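Input: a single structure, listed below in structure tokens.
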Amino acid sequence: MAAVQERDVFLGFDFSTQQLKVVAVDSELKVVLEDHVHFDSDLPEFRTQGGVHIHADRLTVTSPTLMWVKALDRLLDKVKASGFDFSRVRALSGSGQQHGSVFWRTGASRTLRTLHSDQDLDRDLDRDLQQILQDCFSVSDSPVWMDSSSTAQCQALERAAGGALSLARITGSKAYERFTGNQIAKMLQTRPEEFRQTERVSLVSSFAASLFLGDYAPIDFSDGSGMNLLDLSLRDWSDLCLNACAPGLRPLLAAPVPSSTVLGPVCSYFVRRFGFSRDCSVVAFTGDNPASLAGMRLQPGDIAVSLGTSDTVFLWLQFPRPALEGHVFINPVEPQQHMALLCFKNGSLVRERLRDEAAGGSWAGFSSALTQTPLGNDGNIGFYFDVVEILPAAVGVHRFDALDNKVSSFPAHTEVRALVEGQFLSKRLHAERLGYAIMPGTRVLATGGASSNAQILQVLSDVFNAPVYTIDSSNSACLGSAYRALHGLVADSGVSFSDSVKKAAEPKLVATPDARAKQIYDEMLKRFGQLEERVLQESRPQD
Ligand SMILES: Nc1ncnc2c1ncn2[C@@H]1O[C@H](COP(=O)(O)OP(=O)(O)O)[C@@H](O)[C@H]1O
Ligand SMILES: O=C(CO)[C@@H](O)[C@H](O)COP(=O)(O)O
């Protein structure tokens, strides 16, 4: 593979919960373009809220698959109109919200391949991706990571594997409702006819790669680790898990591949419509959290905190020890290594709710509430689980005063600090339970939409008693995808990911802990752990 040329540009996409985003970097790894399409506001015809539909049972959560298809054309149209020269794109990659599933109808591969054929494309020059692919999905609404409706399937999978811990030892996680194997099992059981008409099941990431490729893209090891189906030590699907979820599933998934695999060139549709070069390579897409790890160039010892729709915490892991809490994935940039992930459902959407209810509807008001309240919030602690949380599996709002008495309300500013402190205390508590220890030299790397908020990052720094850094873009999943696109071109010749992105700007220090923070939050963390146990007992959803 020829060396990177000066005019080369690398694109990274992120099909996340609320929007489709893109970042381009040049050969010096400088960001030269950032853009996005916001599903609710830019594609209102799909009537999503926060990019999703919450169904009447409040447990089933889906997104219209064609919305993602339409968003891609819309985003590329926008970028083209801005004067961006797609012919310079040497390689592209991307990421998707994890765990979501796309069900391709039998015959869809033929339609996908028409995206390669100049003859087919000539026949109807005006047809966009949505029109071409409109009949390609046997299930029109894709289950997404917010779904928690597959409890019965989780229980069955854990039974088949000989218990939750045995399943975690095979797949890196005990059974989780949002994990794709359990969603597929639910689809087979509740919509057998649609399932029968399905020839391929993709993750959001591999579905998005398929659009660029004009063919089914394989699932990569890292995002594939979020399915409860991949045997992490074999780096292949586990027959035990496949059979427990849906007998005959293996051909519907096809073989998983290393995350740096070059899948092929971009298909003619993108060449003709947007001016991509026929030589532009598509590198395997992965999950948004693995892509963020790449974008932040995380190093062993660092801890990353992503504040997007979901809040996540992730670490580079050298010695995987799957447990009943958290997830172990194959590392997206070093396939022999691993990463650990903790996911919290009640992230930005709850912060938005309290911004509107307790801070006058603006982030400035929210930030000001944080600066006007003391570290430790005078002992007041809150748990804000608008939807059933993953860690802990609890629901509802629970407030405690300094004497651990349950109270029904807090003054507005106290409420804002209780939310933010509580969210970060929970991250620290569960990261420490995973074995993570804050040490001198620990860097907390923050990303995601809320990482643009300096006051939120100050609380993060205080609660973790560690310096907080950010990278140039809060879209670390996009950036990581652009980096991975570049690395894909040289990975086969043995160049490591870290060597291929050496030129990237170093993370910037944005917050350092207050001198009083250690004492205040070490104490508070103990109380928080005890109160969380109380909340869990009180609010555990009934089995
Ligand atoms: N200044 C801000 N302060 C706090 N949160 C913010 C701010 N700006 C944006 N956000 C949050 O960022 C969220 C989007 O984050 P993002 O990482 O783009 O999400 P996703 O990738 O899941 O679509 C929004 O829902 C919003 O609540
Ligand atoms: O479920 C998880 C991780 O396990 C979520 O983190 C999803 O990957 C969604 O990501 P965002 O859209 O919130 O970034």
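Note on the range 1-48: enclosed strands (runs of 3 or more DSSP E) holding 2 or more residues that are within 16 Å of ligand 2 (Cβ to nearest atom) and farther than 20 Å from VAL262 by Cβ are 19-26, 31-38. Considering every residue within the range 102-123, establish whether at least one is in contact with a Ser or Thr (Cβ under 6 Å, 6 or more places away or on another chain), modelled with pLDDT of 95 or more and within 20 Å of VAL52 (Cα to Cα). Scanning the range 102-123 turns up at least one residue that is in contact with a Ser or Thr (Cβ under 6 Å, 6 or more places away or on another chain), modelled with pLDDT of 95 or more and within 20 Å of VAL52 (Cα to Cα). Among the criteria (1) more than 16 Å from ligand 2 (Cβ to nearest atom); (2) modelled with pLDDT of 95 or more, the one THR286 does not fulfil is (1). Residue count for the range 281-314 satisfying the condition of being farther than 21 Å from ARG178 by Cα and either without any contact (Cβ under 8 Å) to a residue 40 or more places away in the chain or not in a helix (DSSP H, G or I) (or both): 13.
Please go through the range 1-26 and give me each residue that is modelled with pLDDT of 95 or more and more than 16 Å from ligand 1 (Cβ to nearest atom), ordered by number. Full working, then the answer.
Taking the range 1-26 first, the residues modelled with pLDDT of 95 or more are 8-26.
Hits for the range 1-26 are ASP8, VAL9, PHE10, LEU11, ALA24, VAL25, ASP26.
If you check GLN134, GLN49, GLN119, which single one turns out to be more than 30 Å from LEU307 (Cα to Cα), surrounded by fewer than 16 Cβ atoms within 10 Å (Cβ to Cβ) and under 27 Å from the mean Cα position of the chain (by Cα)?
Details: GLN49 fails: more than 30 Å from LEU307 (Cα to Cα); GLN119 fails: under 27 Å from the mean Cα position of the chain (by Cα).
The conditions single out GLN134.
Condition first: surrounded by fewer than 21 Cβ atoms within 10 Å (Cβ to Cβ), under 28 Å from SER205 (Cβ atoms) and either in contact (Cβ under 8 Å) with a residue 12 or more places away in the chain or not hydroxyl-bearing (Ser, Thr, Tyr) (or both). Can you find one or more residues in the range 482-490 that meet it?
Keep residues of the range 482-490 that are surrounded by fewer than 21 Cβ atoms within 10 Å (Cβ to Cβ), which gives 490.
Right, trim to under 28 Å from SER205 (Cβ atoms) and you get 490.
Of the ones still in play, those that are also either in contact (Cβ under 8 Å) with a residue 12 or more places away in the chain or not hydroxyl-bearing (Ser, Thr, Tyr) (or both) are 490.
Looking for residues that are surrounded by fewer than 21 Cβ atoms within 10 Å (Cβ to Cβ), under 28 Å from SER205 (Cβ atoms) and either in contact (Cβ under 8 Å) with a residue 12 or more places away in the chain or not hydroxyl-bearing (Ser, Thr, Tyr) (or both), one finds at least one in the range 482-490, hence yes.
ALA323 meets each of the listed conditions (1) without any contact (Cβ under 8 Å) to a residue 24 or more places away in the chain; (2) outside any helix (DSSP H, G or I); (3) not basic (Lys, Arg) apart from (1). Within the set VAL271, VAL257, the sole residue that is away from ligand 1 (no atom under 16 Å from the Cβ), touching a residue at least 12 places away in the same chain (Cβ under 8 Å) and over 22 Å from GLN18 (Cα atoms) turns out to be VAL257.
Taking the stated definitions as given, is LEU298 surrounded by 23 or more Cβ atoms within 10 Å (Cβ to Cβ) and touching a helix residue (DSSP H, G or I) at 6+ places or on another chain (Cβ under 6 Å)? Taking the combined requirement at face value, the residue does not satisfy it. Would you check if there is a residue in the range 406-413 being surrounded by fewer than 23 Cβ atoms within 10 Å (Cβ to Cβ) and part of a helix (DSSP H, G or I)? Within the range 406-413, one or more residues are surrounded by fewer than 23 Cβ atoms within 10 Å (Cβ to Cβ) and part of a helix (DSSP H, G or I). Of all the listed residues (ARG353, ARG399), the sole one being more than 23 Å from GLN98 (Cα to Cα), within 16 Å of ligand 1 (Cβ to nearest atom) and in contact with a strand residue (DSSP E or B) (Cβ under 9 Å, 6 or more places away or on another chain) is ARG353. Quick check on LEU315: is it within 15 Å of ligand 1 (Cβ to nearest atom) and of a type outside the set (Gly, Ala, Ser)? Considered against the rule, which asks whether it is within 15 Å of ligand 1 (Cβ to nearest atom) and of a type outside the set (Gly, Ala, Ser), LEU315 comes out as no. Here SER409 passes the criteria (1) out of contact with any Asp or Glu (no Cβ under 9 Å at 6 or more places or on another chain); (2) more than 16 Å from ligand 1 (Cβ to nearest atom) except the one numbered (1). Examine the range 344-362 for a residue that is near ligand 2 (Cβ under 10 Å from one of its atoms) and in a strand (DSSP E or B), and state whether such a residue exists. Within the range 344-362 (the criterion being near ligand 2 (Cβ under 10 Å from one of its atoms) and in a strand (DSSP E or B)), the answer is yes, since at least one residue qualifies. The single condition among (1) in a strand (DSSP E or B); (2) within 28 Å of ASP14 (Cβ to Cβ); (3) of a type outside the set (Gly, Ala, Ser) that HIS398 does not satisfy is (2).
Answer yes or no as to whether VAL535 is more than 16 Å from ligand 2 (Cβ to nearest atom), among the β-branched types (Val, Ile, Thr), under 30 Å from SER149 (Cβ atoms) and not in a loop (DSSP other than H, G, I, E, B). Talk me through it step by step, then tell me what you get.
Details: more than 16 Å from ligand 2 (Cβ to nearest atom): yes; among the β-branched types (Val, Ile, Thr): yes; under 30 Å from SER149 (Cβ atoms): yes; not in a loop (DSSP other than H, G, I, E, B): yes.
So VAL535 passes the test.
Considering the range 301-312, the residues that are hydrophobic (A, V, I, L, M, F, W, C) and either surrounded by fewer than 20 Cβ atoms within 10 Å (Cβ to Cβ) or over 14 Å from PRO290 (Cβ atoms) (or both) include one that is nearest to ligand 2 (Cβ to nearest atom), namely LEU307.
A residue that is surrounded by fewer than 21 Cβ atoms within 10 Å (Cβ to Cβ), touching a helix residue (DSSP H, G or I) at 6+ places or on another chain (Cβ under 7 Å), in a helix (DSSP H, G or I) and not polar (S, T, N, Q) cannot be found anywhere in the range 414-427.
Please work out which residue is farthest from LYS345 (Cα to Cα), limiting yourself to the range 168-184 and to residues that are assigned to a helix (DSSP H, G or I) and not charged (D, E, K, R). Steps first, please.
To start, the set of residues in the range 168-184 that are assigned to a helix (DSSP H, G or I) comprises 168-171, 180-184.
Next, from what is left, pick out any that are not charged (D, E, K, R): 168, 170-171, 180-184.
Numbers: ALA168: 20, ILE170: 25, THR171: 21, THR180: 17, GLY181: 19, ASN182: 18, GLN183: 17, ILE184: 21 Å.
Ranking the candidates gives ILE170 first.
The values are calculated or read from the model by the stated rules, or taken from the named source; none is laboratory data. Please read all numbers here as calculations on a predicted model, not as lab measurements. Using ideal geometry, Cβ is built from the backbone for each residue, glycine included, and neighbour counts are taken over all protein chains shown.
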